[in-house]
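Data block below; observations after.
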Amino acid sequence: MRPGAPSILPEKEDRKKTSKKVLLLRDSFSFLFKSAGLILWFVVFLLALLEIKRYYNIDVISGYDSSVDDIYGAARGTLSELFGE
């Protein structure tokens, strides 16, 4: 190649900008993936606590069903009807 001819390859500055964009995108995806995983585990833990509460009939106030208990019971009943358990 001639010394004064334009190069086909991008300049080093463009490579750094591209790599910064790729790193930022990768870091953003990593953060999103980890956050979604943490939220999912929290939801699973919450559902497990509600199921244990229902199975062992644990009440904070005896005879009182909170709105969370009602919603959980309705969702559980609907899903059991759909899947035929």
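Some points to look at:
- Filtered by the rule that a residue be part of a helix (DSSP H, G or I), open to solvent by 90 Å² or more (accessible area, probe 1.4 Å) and aliphatic (A, V, I, L, M), the stretch 41-85 gives Ile71, Leu79, Leu82.
- When the residues of the stretch 13-40 are filtered to those that are open to solvent by less than 100 Å² (accessible area, probe 1.4 Å) and of a type in the set (D, E, K, R), the one that is modelled with the lowest pLDDT is Asp14.
The values are calculated or read from the model by the stated rules, or taken from the named source; none is laboratory data. Note that the structure is predicted; figures quoted are calculated from it, not measured. Ligands, DNA and RNA are excluded from the accessible area calculation, which covers all protein heavy atoms including side chains. Shrake-Rupley method; radii C 1.70, N 1.55, O 1.52, S 1.80 Å.
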